[in-house]
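Here is the structure we will look at, set down as C-alpha cells.
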Amino acid sequence: MKYTISMIMFVLLSSISPAMADGEVAYVDLQRALLETNEGKRAKSELEKMKTARQKQLDERQKQLKALQQSLESQRAFMKEDVLRKKEAEFGQQLRELQMTYASLQKELAAEEGKLTNKLLARMLKIVEKIGQERKYAAVLERNESRVLWAPSKHDLTNEVIRLFDAGKGK
C-alpha cells in the first residue's frame, strides 16, 4: 500500500512542469465560489423559480392525465371496443406528449443554467488570472477538477475570488 502511494506521488510530482517548480501553486473552489457570490445566489434563485414554475405545469398536466386514466378505467366495462381503443390511443398520445414536454423543459433548464454559469465563470477566471499574475503563482488549480486532496489554506483563493467578484471585478 505504501509502495503504491509512493509511486502515485512520484508520478504526480514528476509530471509537474519544471516551470511550476519555481513558483507556488494555489487553488480555487469554483463550485463554492459560484454558489456563494451574490450573482451566483441570484442565478440559483432564478433557476429555482423557473424550475418551480415548470414543475407546476408538469404537475397540472400529470393530474389531468391521471383523471383521464381513472375515467377510462371506470368506464372501460361500458365502452365499445373501438371507442375504448380510441380513448386508450388518445391517452397514450397525451402521455407521450407529457414525457416530451418534461424532457424539453429539462433541456431548457440545463441550457439556462449553463448560460448563467458560463457568464459567471468567465468573470471569475479573469479574477483568478489577475491574482495569479500579480502573485506570480506557477499555477492556480480548480480544487474539485484538479483533485486537490490537500493543500495549505493559505493557498486557497476562493474567499478572495468571491470578495473580488462581489466587488464588481472581472467585468
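The values are calculated or read from the model by the stated rules, or taken from the named source; none is laboratory data. What you see is a predicted model; the values in this text were computed from it and never measured. In this analysis, Cβ positions are derived from the backbone assuming ideal geometry, glycine residues included, and neighbour counts consider all displayed protein chains.
Test Glu160 against the criterion of being over 20 Å from the mean Cα position of the chain (by Cα) and of a type outside the set (Gly, Ala, Ser), and give yes or no. It is true that Glu160 is over 20 Å from the mean Cα position of the chain (by Cα) and of a type outside the set (Gly, Ala, Ser).
Scanning region 86-95 turns up no residue that is charged (D, E, K, R) and under 25 Å from Lys44 (Cα atoms).
Answer yes or no: is there a residue in region 20-42 that is at pLDDT below 90 and loosely packed, with under 10 Cβ neighbours inside 10 Å. For region 20-42, residues at pLDDT below 90 and loosely packed, with under 10 Cβ neighbours inside 10 Å: present. Of the residues Ala122, Ala77, the single one that is over 29 Å from Gln57 (Cβ atoms) and surrounded by 11 or more Cβ atoms within 10 Å (Cβ to Cβ) is Ala122. Can you pull out every residue in region 126-144 that is free of Cβ contacts under 8 Å to residues at least 12 places away in the same chain and within 25 Å of the chain's Cα centre (by Cα)? The one that is free of Cβ contacts under 8 Å to residues at least 12 places away in the same chain and within 25 Å of the chain's Cα centre (by Cα): Glu129. With respect to the conditions (1) assigned to a helix (DSSP H, G or I); (2) closer than 30 Å to Leu121 by Cα; (3) at pLDDT 90 or above, Lys56 lacks only one, and its number is (2). Residues of region 137-171 being among the hydrophobic types (A, V, I, L, M, F, W, C) and closer than 9 Å to Ala26 by Cα, which ones? Of everything in region 137-171, those that are among the hydrophobic types (A, V, I, L, M, F, W, C) and closer than 9 Å to Ala26 by Cα turn out to be Ala138, Ala139, Val140, Leu141, Ala151, Leu157.
You will find that of Ser71, Ser45, the residue that is assigned to a helix (DSSP H, G or I), more than 30 Å from Trp150 (Cα to Cα), over 31 Å from the mean Cα position of the chain (by Cα) and of a type outside the set (A, V, I, L, M) is Ser71 and no other. Among the candidates Ala77, Ala110, Ala67, Ala103, the residue that is of a type in the set (Gly, Ala, Ser) and within 30 Å of Asp166 (Cα to Cα) is uniquely Ala110. Report yes if Lys126 is at pLDDT below 95 and either assigned to a helix (DSSP H, G or I) or over 20 Å from Thr37 (Cα atoms) (or both), otherwise no. So Lys126 does not fit the description; no.
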